[in-house]
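Q: The structure's right below; bear with me while I get my questions together.
The values are calculated or read from the model by the stated rules, or taken from the named source; none is laboratory data. All values derive from a computational prediction rather than experimental measurement. We place every Cβ from the backbone using ideal geometry, glycine too, and count neighbours over all the protein chains shown.
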Amino acid sequence: MVIVGSGFGGLFAAQALERAEVDITMLARTTHHLFQPLLYQVATGILSPGAIAPATREVLAKQDNVEVVLGDVTAIDVESRRITATTLGIELDYDYDYLVLAAGAEQSYFGNDDFARNAPGMKSIDDALELRGRIYGAFELAEVAAARGNQEALDRLMTFVVVGAGPTGVEMVGQLVELAHRTLRRDFRHIDPRDARIVLLDAADAVLGTFHPELQASTRAELGELGVDVRLGAKVVDLDSSGLDYVDAAGAEHRIEAATKVWAAGVSASPLGRMVAEQCGVEVDRAGRVPVQSDLSLPGHPEIFVVGDMMALDDLPGVAQVAIQGARHAADHIRRALRGDHERRDFVYNDKGNMATISRFRAVAEVGALRVTGFTAWVMWLVVHLFYIIGFKSQVTTLIHWAVTWLGSERGERTITEQQVFGRLAMLASGREIRDKAARKIGPGVPDGDIPDAATEQPGPQGG
Ligand SMILES: Cc1cc2nc3c(=O)[nH]c(=O)nc-3n(C[C@H](O)[C@H](O)[C@H](O)COP(=O)(O)OP(=O)(O)OC[C@H]3O[C@@H](n4cnc5c(N)ncnc54)[C@H](O)[C@@H]3O)c2cc1C
């Protein structure tokens, strides 16, 4: 069988088949399993990438029935049951009897893809490191601007706008406040980081839109107490390097000058969803998700399961538990089918609740009818997240970094580099060329006369 993706869906599907008599090929465009819920902590210097992104190969090293392959899936032919994946321009085909598609979702700019240039999203380690570089870099440049008496630049550099008031946006602004008010408080000579202006924008009229109104209201109040400028009913209509424009609920246009913009506003499912949906005669929904049957398979193709952020079923949200439970459900079908039991069973989602941190010692959580705020919710959040981080090594590292940050005021991962900040834009400009050349170096029978030195042009493993 083939599993596409090494995120929550892909990894948990593979692990659920540990003892099954099946040869699994796991194809993913990154070499790691990513714990996305803590990306904002990498972006704000609390955690290292390694703590939330262990190598998939290492996680599955003891599971003999899995082969992990780095590859970007570019084609799926459901009739001939064949998948094509590309690694640095080299194409390889894989045949399957069963397919679990768990390729997740990508950042969506709602048709304004050019916004991505100046407002990175938060979907990958690359994104988080770029944001870290931009955030800490903005404070550095603000120090220079202040020393030179350039007030206009200073104001722009000290303004941080997060677009999207879901859990990711709320957690991000909370950490920006902590950073400015605790971690960086004494580190500068010309600026006071506490002067940073932190703005949270959303086109909707509530923060944490999927939570109970009571928790929305308490979160909004807490953000106000932290000094976050929350603007709801605010739709971003333009975004450039020096700021953004939005239209408010009354239709009036506003401009915010801000050097740092973070896009936490929307996702659209992997385009692989549309690719298989078209071949199975179903239409993807507005977010590009594939409507699956109640057993999570595709119509006419009981051998293909779509799980996690790519699937549309009963309005289930794009959260880790949906992916994990869906993956286990698909694995159960495959395991039983191997024993000759072909009964199709409906997927029943067990909602374990929602939670989001606001800042140090403050969170909101809802589990069934139970709604919790403040320190208790924060402890619940901490325990749950620690539990789901993959691997003992990552759990210990995370715990140490959390202790440093929450009990003290330090952050252990403040390193930023030029590559972090400018690498993506440089890749956009010339990355394909660099990759193709690198690929030719390992491709069969390709003359390498004009191939530049790999030491200076070797691409990283992260996909496009
Ligand atoms: C910033 C952020 C914060 C979040 N916070 C929470 C939270 O607090 N709680 C919660 O429950 N959920 C949270 N989520 C959502 C949760 O992370 C997702 O619902 C979950 O990761 C979905 O799992 P998945 O397996 O469907 O996709 P993912 O985990 O996204 O995995 C997708 C995999 O597919 C691979 N892939 C994609 N395209 C291709 C291709 N063409 N070829 C090969 N491989 C491919 C990727 O490399 C990746 O390995 C958050 C998400 C984000 C982005």
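Q: For residues in the range 346-393 being buried (at least 20 other Cβ atoms within 10 Å of the Cβ) and over 21 Å from residue 39 (Cβ atoms), which is nearest to the chain's Cα centre (by Cα)?
A: 366
One line per residue, one yes/no per condition, for (1) more than 17 Å from the chain's Cα centre (by Cα); (2) assigned to a loop (DSSP other than H, G, I, E, B):
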| site | (1), (2) |
| --- | --- |
| 47 | no, yes |
| 51 | no, no |
| 63 | yes, yes |
| 73 | yes, no |
| 76 | yes, no |
| 83 | yes, no |
| 93 | yes, no |
| 109 | no, yes |
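Q: Which numbered condition trips up residue 238, out of (1) part of a loop (DSSP other than H, G, I, E, B); (2) surrounded by fewer than 17 Cβ atoms within 10 Å (Cβ to Cβ); (3) under 25 Å from the mean Cα position of the chain (by Cα)?
A: In the conditions (1) part of a loop (DSSP other than H, G, I, E, B); (2) surrounded by fewer than 17 Cβ atoms within 10 Å (Cβ to Cβ); (3) under 25 Å from the mean Cα position of the chain (by Cα), residue 238 misses (1) alone.
Q: Here's something else I'd like to know. Mind telling me which of the residues 38, 47, 17 ends up being near the ligand (Cβ under 9 Å from one of its atoms) and among the hydrophobic types (A, V, I, L, M, F, W, C)?
A: Checking each option against the conditions leaves just 38.
Q: Would you check if residue 156 is of a type in the set (Lys, Arg), closer than 25 Å to residue 255 by Cα, more than 16 Å from the ligand (Cβ to nearest atom) and surrounded by 18 or more Cβ atoms within 10 Å (Cβ to Cβ)?
A: Answer is yes for this residue.
Q: Determine which member of the set 3, 46, 52 is over 30 Å from residue 136 (Cβ atoms) and either modelled with pLDDT of 95 or more or buried (at least 19 other Cβ atoms within 10 Å of the Cβ) (or both).
A: 3
Q: Which members of the range 111-133 meet the condition of being touching a helix residue (DSSP H, G or I) at 6+ places or on another chain (Cβ under 6 Å) and either in a helix (DSSP H, G or I) or more than 12 Å from the ligand (Cβ to nearest atom) (or both)?
A: 125, 128, 129, 130, 131, 132, 133
Q: Out of the residues in the range 394-409 that are touching a residue at least 60 places away in the same chain (Cβ under 8 Å) and assigned to a helix (DSSP H, G or I), which is surrounded by the most Cβ atoms within 10 Å (Cβ to Cβ)?
A: By that ranking, first place goes to 405.
Q: What number goes with the only condition from (1) at pLDDT below 95; (2) assigned by TED's automatic domain parsing to the domain that holds residue 222 that residue 376 does not pass?
A: (1)
Q: List pairs: first in the range 307-324 and free of Cβ contacts under 8 Å to residues at least 60 places away in the same chain, second within 8 Å of the ligand (Cβ to nearest atom) and not in a loop (DSSP other than H, G, I, E, B), Cβ under 6 Å, 6+ apart or cross-chain?
A: Pairs found: 316/322.
Q: Being under 23 Å from residue 29 (Cβ atoms), acidic (Asp, Glu) and within 16 Å of the ligand (Cβ to nearest atom): is that true of residue 315 here?
A: no
Q: Residues of the range 92-110 being in contact (Cβ under 8 Å) with a residue 12 or more places away in the chain, more than 12 Å from the ligand (Cβ to nearest atom) and touching a Lys or Arg at 6+ places or on another chain (Cβ under 6 Å), which ones?
A: The answer is 95, 96.
Q: Can you list the strands (runs of 3 or more DSSP E) lying wholly within the range 255-327 that have 2 or more residues being within 30 Å of residue 156 (Cβ to Cβ)?
A: Correct list: 260-263.
Q: Among the listed residues 169, 121, identify the single one that is among the small types (Gly, Ala, Ser) and under 30 Å from residue 3 (Cβ atoms).
A: Step by step, each of 169, 121 is checked, and only 121 is among the small types (Gly, Ala, Ser) and under 30 Å from residue 3 (Cβ atoms).
Q: Looking at (1) exposed (fewer than 15 other Cβ atoms within 10 Å of the Cβ); (2) within 18 Å of the chain's Cα centre (by Cα); (3) away from the ligand (no atom under 14 Å from the Cβ), which is the only condition residue 281 fails?
A: Here residue 281 clears every test but (2).
Q: Could you say whether any residue in the range 87-99 is buried (at least 17 other Cβ atoms within 10 Å of the Cβ), closer than 30 Å to residue 420 by Cβ and out of contact with any strand residue (DSSP E or B) (no Cβ under 7 Å at 6 or more places or on another chain)?
A: So far as the range 87-99 goes, yes, one or more of its residues are buried (at least 17 other Cβ atoms within 10 Å of the Cβ), closer than 30 Å to residue 420 by Cβ and out of contact with any strand residue (DSSP E or B) (no Cβ under 7 Å at 6 or more places or on another chain).
Q: Out of everything in the range 209-235 that is free of Cβ contacts under 8 Å to residues at least 60 places away in the same chain and aliphatic (A, V, I, L, M), what residue ends up being surrounded by the most Cβ atoms within 10 Å (Cβ to Cβ)?
A: The qualifying residue surrounded by the most Cβ atoms within 10 Å (Cβ to Cβ) is 228.
Q: How many residues are within 7 Å of the ligand (Cβ to nearest atom), assigned to a loop (DSSP other than H, G, I, E, B) and touching a strand residue (DSSP E or B) at 6+ places or on another chain (Cβ under 6 Å) when one looks only at the range 23-35?
A: Total satisfying the criteria: 1.
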